[in-house]
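**Q** Handing you a structure now.
What follows draws every value from the coordinates through simple rules; no lab data is involved. All figures in this text were calculated on a predicted structure; none of them were measured in a lab. Don't worry about glycine lacking a Cβ; one is built from the backbone with ideal geometry, like all the others, and counts go over all protein chains shown.
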Amino acid sequence: MKHRNLKWFALVVAMGAVLMLGACKKKTAPPPPPPPPASPSPTASISVSPNTIEKGQSASLTWQTSNATDVSIDGIGAVQASGSQSVSPADSTTYHLTAKGAGGSQEATARLTVTQPPAPVAATPSPTDEDLFGQTVKDIYFDYDKSDIRADQQAAVQADSAFLNQHANINFTIEGHCDERGSTEYNLALGDQRASSVKNALTAAGVSAARIKTISYGKEKPFCLESNEACWQQNRRGHFVYQK
Amino acid sequence: MNQFDICVTAIGRAASLTRNMAGELVGLRESNLPMRTYRSTILSYGVFFFVLPQNSRRMDASDSQASGSRAPGLALAGTFITLLLLSVFVCSSFAQDWVRTGTSLGVQKVRLAVPDFKPSSADPQNAALLKTFNDTFWNDLDNSGVVELVSKSFYPLQVPGQPADVTFGLWNAPPPDAAMLAFGNLGAAAGKMTVQGWLFDVKNTASPQVLGKQYTDVVTDDAARLIAHRFADEIILRLGGGIPGIAESKIFFVSDRSGHKEIWAMDYDGSNQHQITHQGSISLSPRVSPDGSRLAFSSLTKTGWEIMLYSLDLNRLVSFPHLGGTNLSPSWSPDGTRLALASSRGGDSEIYICDASGANLHRMTANKGPDVSPTWNRKTGAQIAFVSGRTGLPQIYTMEADGTNQTRMTDQGYAVSPNWSPNGQFLTFAWVRKYGPGEPGSSDIYLMDIASKQWVQLTHDGGHNDFPTWSPDGRHIAFQSGRSGKEEIWEMLADGTKLHQLTFTGRNSQANWSWK
């Protein structure tokens, strides 16, 4: 009887030991999941500095990954696991980093904003000679079939010659134009006289003749295409063109 | 009234090298056909030469319609139609009214029947060639102004293609009532086209043949057109008083259809329009040399308006010196050795004369105000007409070719673009006679007798008309007109009749008719 009890006791102890053993072992190293040794998930991060540039400038793109075997950035291609690169895109770009490893894949993005450079006017605060020429020098208008400078155009001639004397480096062309009436050949001769007439008025005011070219367009290049006096007056002119 | 007899002699012509429509040299063989069954050498039909007393020719100036009274008639020959216009200069005081001038009163033109040429072979190309030939031939004769074509509706059903087929009674009596009959045949065979053509005086049944011609050329549409021009010219030469026809003449003009104003050329009837220059800027004022070998024009270059010279033989520009200033409106002397032109090289636009090479430049005028558009007396080469703005609005002037004796021809308005007639007697030009505020004058083509300064208006109520140019025979004037809504080249007889449009594509201007 005593022997029988002992047998039961041993069985219980053994069972308990097995239970205990099993419980302890599970805590330290779980045997059932098979793949554990190098299987952490990859990590990835990407940044760009600065994140806003002007067109033409460059920015530094920096990325870091871990636990990844295959790292690529859209638009750049396969890259090292970590690194940095200088980029200079023409337009705003989102860099998309993909890191793939045994533990899965991870993505990260960085946005680089590219601004258009400010207009050159803003960049160069003082206007060029050409701008000044265009703003200041006024065309001279003529009466029908006339090439002499009429009284109401004298002020424009004086203003033009004053400006041109101040800017002695500017060379320019005076185009003689006519309205659509009359013959092609006669109007070309008339336009020539108008251009010469303006040139003569400027040289009389001290502008060097060497700076002035004249050309007649007759009625070949009208400014205004309607057949009425307002339009014809627009076309009867000595037109100033800046010579680069 | 003088009466001429025309001797029709069967002078054999050697085969001549000629230029076809495409500008290639081709051998067009041409020969006279024998007068087989007829033995006559003298043509008994007469050509009437009219020089009427001026005061007997007052046309009814009050006729304000485009008179339908083109009476039939045996025409004026031996001189220009325009000579007759002299007779109406007495009417110039009524010039605002429509005046129908010219050949239609009292003068009868030859009634010419022109049945379609017949095929002489079974070649399938014949139909298309005959269409081209017959259309061209009819138009040439119709445009000539020297004959009256009998309407085809009056013709008998059977028309002749050979002399043996002619039944005189069907032609010389009404309804056709023709004095002359032009007929023939055309056939393509073995790569050659042969055209036989005859001109018969159907009222003279004993010896009717006036002309018999045979032409052989390549089988092309252009060749058919060329042969039609040739044969029409032969007929016009005989019926028009010995003045050569113009069917082979060319008209040069400015067209913007390529996107730039360039110089173009066409046959006198508007066919075969093709581009000559490729300057890519603005090219104006084409003037062909008297021998047809060179074309002078004015073009905008980097250095301004320059006179350019283009060789029509070499198909390229040839050198011409830079003259300085604005250089416009070149004009050939009738012997082709000199050019008159307008240049502002001295400051003001003046008329200069130089050699055809550009050397020996001499100034002819010295006035304030533009002087442009010179034109030589085409008969003598001794005078030049031009436009001057020396008194304000432009007027027509004449001077001797050495610059002396400058004479104002027009008394008022805006007168430009003179062109001297081949016989030296007339100027045609564009004129806005009544010019000024409240005077909605239009620019029309006028004709002026130089000796008397009497003038007559040729165009009426048709928009802006400018740049008239005489045909080589002096019977026609081509000009630019805006009457169709945009600038196009038109042509008319020198009495203002038979107006028709030659160009239809783009804007076309500044026509210049070849000298022959």
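**Q** Let me confirm one metric for peptide B:342-351, namely the mean number of other chain beta-carbon atoms within 10 Å of its residues' beta-carbons.
**A** Across B:342-351, the average partner-chain Cβ count within 10 Å equals 4.
**Q** Okay, next question. Quick one: which residues, 5+ away or cross-chain, put their amide H under 5 Å from the amide H of B:Leu33? H built at 1.01 Å from N.
**A** B:Gly212, B:Lys213, B:Gln214
**Q** Given a cut-off of 18 Å, name the pairs among B:Lys250/B:Lys516; B:Lys302/B:Lys368; B:Lys379/B:Lys498; B:Lys118/B:Lys250; A:Lys221/B:Lys368 whose C-alpha atoms lie farther apart than that in the structure shown.
**A** Correct reply: B:Lys302/B:Lys368; B:Lys379/B:Lys498; B:Lys118/B:Lys250; A:Lys221/B:Lys368.
**Q** Still on this structure, please answer the following. Mind listing the phi-derived Karplus ³J(HN,Hα) values for the range B:399-404, rounded to whole Hz, using 6.51, -1.76 and 1.60 with θ = phi - 60°, and x for any glycine or proline?
**A** So the J values, rounded to whole Hz, are 8, 5, 5, 9, x, 7.
**Q** Can I ask one more? How about the range A:159-244: which GluC sites (Glu not before Pro) there are in a DSSP loop, with at most 14 other Cβ atoms within 10 Å of their Cβ?
**A** Within the range A:159-244, the qualifying GluC sites (Glu not before Pro) (loop, at most 14 other Cβ atoms within 10 Å) are A:Glu226.
**Q** Taking Cα atoms of the range A:122-243, Rg/Rh with Kirkwood Rh, to two decimals?
**A** When Rh is taken as the Kirkwood radius, the ratio is 1.00.
**Q** Continuing with this model, one more query. When you take every Cα atom in chain A, what is the radius of gyration, and what is Dmax, the widest Cα pair distance, in Å?
**A** 43.8, 150
**Q** For the range B:405-410, what does the Karplus curve 6.51 cos²θ - 1.76 cosθ + 1.60, with θ = phi - 60°, yield as ³J(HN,Hα) per residue in whole Hz, taken in order and with x for Gly and Pro?
**A** 6, 6, 10, 7, 9, 9
**Q** Sticking with this structure for a sec: Restricting attention to the alpha-carbon atoms of the range A:43-115, what are Rg (one decimal) and Dmax (integer), both in Å?
**A** Expressed in Å, the Cα Rg and Dmax of the range A:43-115 come to 12.2, 40.
**Q** Return one number: the angle in degrees, 0 to 90 and rounded to the nearest 10, between the long axis of the Cα atoms of helix A:2-28 and the longest principal axis of the Cα atoms of chain A.
**A** 10 degrees
**Q** Once phi is turned into ³J(HN,Hα) by the Karplus curve 6.51 cos²θ - 1.76 cosθ + 1.60 with θ = phi - 60°, what whole-Hz value does each residue of the range B:181-192 show in order, with x for glycine and proline?
**A** 9, 10, 8, x, 8, 9, x, 9, 7, 6, x, 10
**Q** On average, how much area does the Cα convex hull of the range B:322-508 cover when viewed from any direction, in nm²?
**A** The orientation-averaged projected area of the Cα hull of the range B:322-508 comes to 11.1 nm².
**Q** Could you give the semi-axes, largest first, of the ellipsoid that matches the range B:160-240, computed as the square roots of 5 times the alpha carbon gyration tensor eigenvalues and rounded to whole Å?
**A** Each semi-axis is √(5λ); the values are 26, 14, 10 Å.
**Q** Over 5 Å intervals from 0, what percent of Cα-Cα pairs in the range B:272-390 sits in each interval?
**A** 2, 12, 22, 25, 19, 12, 5, 1, 0
**Q** Next question. Please work out the Kirkwood hydrodynamic radius for the range B:344-453, using every pair of different C-alpha atoms, and report it in angstroms with one decimal place.
**A** By the Kirkwood definition, the hydrodynamic radius is 14.4 Å.
**Q** Quick check: residue separation of A:Ala209 and A:Tyr242 times 0.36 nm, minus the Cα distance between them. What number comes out in nm?
**A** Full-extension gain reported as 10.4 nm.
**Q** If the cut-off is a Cα-Cα distance under 18 Å, which aspartates and glutamates reach B:Lys192, setting aside same-chain residues fewer than 8 apart in sequence?
**A** Straight-line reach from B:Lys192, under 18 Å: B:Glu24, B:Glu30, B:Asp123, B:Asp217, B:Asp221, B:Asp222.
**Q** Can you bin the range B:355-395 into rounded, prolate or oblate? Criterion: square roots of the alpha carbon gyration tensor eigenvalues sorted a ≥ b ≥ c, rounded for a/c under 1.5, prolate for a/b above b/c, oblate for the rest.
**A** Oblate, because a/c is 1.5 or more while a/b does not exceed b/c.
**Q** How about A:Lys7: which lysines have a C-alpha closer than 30 Å to its C-alpha, ignoring those fewer than 8 places off in the same chain?
**A** A:Lys25, A:Lys26
**Q** In whole angstrom, and with the biggest value first, how far do the Cα coordinates of the range B:182-292 range along each principal axis?
**A** Cα spread of the range B:182-292 along its principal axes, largest to smallest: 63, 38, 21 Å.
**Q** Continuing with the same structure: Pull up the cross-link candidates among the aspartates and glutamates for A:Lys138, meaning alpha carbon to alpha carbon under 16 Å and not fewer than 8 places away within one chain.
**A** Those aspartates and glutamates meeting the cut-off are A:Asp129, A:Glu130, A:Asp152, A:Asp160, A:Glu175.
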